[in-house]
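Everything on this sheet refers to the single structure shown next.
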Amino acid sequence: LAKTTQPISMDSYEGQEVNITCSHNNIATNDYITWYQQFPSQGPRFIIQGYKTKVTNEVASLFIPADRKSSTLSLPRVSLSDTAVYYCLVGPLGDKLIFGTGTRLQVFP
Amino acid sequence: EPEVTQTPSHQVTQMGQEVILRCVPISNHLYFYWYRQILGQKVEFLVSFYNNEISEKSEIFDDQFSVERPDGSNFTLKIRSTKLEDSAMYFCASRNRGFNQPQHFGDGTRLSIL
């Protein structure tokens, strides 16, 4: 399974756009990129997933370059409630999820 | 929006006792999972379950662990003889048919072994 590397923590202010980049140099052809969010004492919550180029939903955008060796989760105009841990996961769809340590995002007023 | 629900939210048990953690997956989902998260550590895969049998299990899921889908709605994780190191948050997840369907997690059961 592809190993992922993402920043341990990031700080932002309300209203700003936040971009969290994840490196996955040994991503396999059948691997997808999935992002989850986790608040304290809650289960991980699915945000977005993609294979290549750009994916957008009502919550976030996911940018994946052509070589797929990295991906960037973009959160537009964050609020205090976006303070959470964000996980980048890489693997075949439908398979078990392998979580790393994630990126702890702190949003300040 | 449909949710995965887990009960109890917190379970305190004496070491050596059996414990059963309960989950109600989203109603039309077909694939079920258990994960755990020891305080301050990563979320770890335990087991996946489909068509009334285990699809895959991790090294953590030893003979002390078992899973069951006793009826059409519940999915349970049993730990036969709990150890102190079993203290963790246990998360149930489910997903629908279709290879691109994401896993949806419950909010977990905090298991404390004394």
Check: Looking at the range B:79-96, is at least one residue surrounded by fewer than 18 Cβ atoms within 10 Å (Cβ to Cβ) and in contact with a Lys or Arg (Cβ under 7 Å, 6 or more places away or on another chain)?
Finding: no
Margin query: Looking at the range A:75-109 only, could you name the residues that are more than 21 Å from B:Q101 (Cα to Cα), in a strand (DSSP E or B) and of a type outside the set (A, V, I, L, M)?
Written below: A:T103, A:R104, A:Q106, A:F108
Note to self: For the range B:35-66, give me each residue that is outside any strand (DSSP E or B) and of a type in the set (K, R).
What the structure shows: B:K42
Check: If A:S71 satisfies every condition in (1) surrounded by 15 or more Cβ atoms within 10 Å (Cβ to Cβ); (2) at pLDDT below 95 but one, which is the exception?
Finding: (2)
Next item on the list: Report, ordered by the first and then the second residue, all pairs with beta carbons closer than 8 Å, sequence separation of six or more or different chains, a first member in the range B:86-114 that is closer than 12 Å to B:Q11 by Cα and within 8 Å of chain A (Cβ to nearest Cβ), and a second member that is of a type in the set (D, E, K, R) and buried (at least 23 other Cβ atoms within 10 Å of the Cβ).
Entry: B:M89/B:R36
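Out of all the residues in the range B:7-31, which are in contact with a strand residue (DSSP E or B) (Cβ under 8 Å, 6 or more places away or on another chain) and either at positive phi or in a loop (DSSP other than H, G, I, E, B) (or both)?
Answer for the range B:7-31, where residues must be in contact with a strand residue (DSSP E or B) (Cβ under 8 Å, 6 or more places away or on another chain) and either at positive phi or in a loop (DSSP other than H, G, I, E, B) (or both): B:P8, B:S9, B:Q14, B:M15, B:E18, B:P25, B:I26, B:H29, B:L30.
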Notebook entry, point to check: Of all residues in the range A:45-65, which are within 18 Å of A:R77 (Cα to Cα) and either buried (at least 16 other Cβ atoms within 10 Å of the Cβ) or in contact with a Phe, Trp or Tyr (Cβ under 7 Å, 6 or more places away or on another chain) (or both)?
Noted result: A:I47, A:I48, A:V55, A:A60, A:S61, A:L62, A:F63
Note to self: When you scan the range B:36-45, do you find a residue that is out of contact with any helix residue (DSSP H, G or I) (no Cβ under 8 Å at 6 or more places or on another chain), within 9 Å of chain A (Cβ to nearest Cβ) and among the hydrophobic types (A, V, I, L, M, F, W, C), even just one?
What the structure shows: yes
Next item on the list: List the number of the failed condition for A:F39; all other conditions in (1) farther than 30 Å from B:H10 by Cβ; (2) touching a strand residue (DSSP E or B) at 6+ places or on another chain (Cβ under 7 Å) hold.
Entry: (1)
Checklist line | Residues being under 13 Å from A:Y86 (Cα atoms), surrounded by fewer than 21 Cβ atoms within 10 Å (Cβ to Cβ) and within 14 Å of chain B (Cβ to nearest Cβ) - total across the range A:6-37 | finding: 1
Next item on the list: Inspect the range B:49-65 for any residue being surrounded by 12 or more Cβ atoms within 10 Å (Cβ to Cβ), among the polar types (S, T, N, Q), touching a residue at least 60 places away in the same chain (Cβ under 8 Å) and more than 10 Å from every other protein chain (Cβ to nearest Cβ) and give the result as yes or no.
Entry: no
Notebook entry, point to check: How many of the residues in the range A:53-74 are assigned to a strand (DSSP E or B) and basic (K, R)?
Noted result: 1
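The values are calculated or read from the model by the stated rules, or taken from the named source; none is laboratory data. What you see is a predicted model, and the numbers here were worked out from it, not measured in a lab. Note that we place each Cβ from the backbone using ideal geometry, even for glycine, and neighbour counts take in every protein chain shown.
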